[in-house]
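Okay, structure first, notes after.
Each value in this text was obtained by applying a stated rule to the coordinates, not by laboratory testing. For clarity, every value in this text was computed on a predicted model and none was experimentally measured. Here the Cβ positions follow ideal geometry from the backbone for every residue, glycine too, while neighbour counts run over all protein chains shown.
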Amino acid sequence: MTKQEKTQVISDLAERFKENSNFYFADASGLSVAEINGFRELCFNKGLEYNVYKNTLIRKALETLDTDYSTFDEAVLKGFTGIIFSKESGNLPAKAIKEFRKARGGDRPIFKGASIDTDLFIGNDQLDALSKLKSKFELIGDVIMLLQSPAKNVISSLQSGQSKLAGILKTLSEREEA
């Protein structure tokens, strides 16, 4: 790869990091080509993208960003490194890794680290916690549900009270006639 090609890859990768606020680093070494292709397909079907890059190119692309990713140098950017990009959901890549592991019955790909809205997570032990995180849309839905709940309770109380009141008035009017 020429120096110009490397510069272009670094530039493209830095742009991808800027476009995607959520990205995961995974080590898929030890998987066969067919298994890696199966993982790529799983990611694609979930709206994710999985690509493998050289660690030095990833490091240089991360250096161009405003956030300090130097903690990734020692623990994450070693050995085989693939990047899973997710535009919207911070937990979807973790769920994809867990789903692939469960289907295969193994521990690969190994989760190395992630950046979710510039928060850094390092180590395979973080995968379970990340998979249980709620996405931004799930949190917004929860807030809307909580805000609607009191209004729904008031409306249902008024509606049930209306039928009770109508029943009481009808009973009273029938008593007067008798």
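Here is how the numbers come out for the structure above:
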| quantity | calculated |
| --- | --- |
| Candidate set from the stretch 107-144 (those that are in contact (Cβ under 8 Å) with a residue 40 or more places away in the chain and part of a loop (DSSP other than H, G, I, E, B)); member that is nearest to residue 27 (Cα to Cα) | 109 |
| Out of 75, 103, 96, sole residue that is among the small types (Gly, Ala, Ser) and in contact with a Cys (Cβ under 9 Å, 6 or more places away or on another chain) | 96 |
| Looking only at the stretch 35-65, and only at residues there that are closer than 17 Å to residue 111 by Cβ and aliphatic (A, V, I, L, M), the one that is surrounded by the most Cβ atoms within 10 Å (Cβ to Cβ) | 58 |
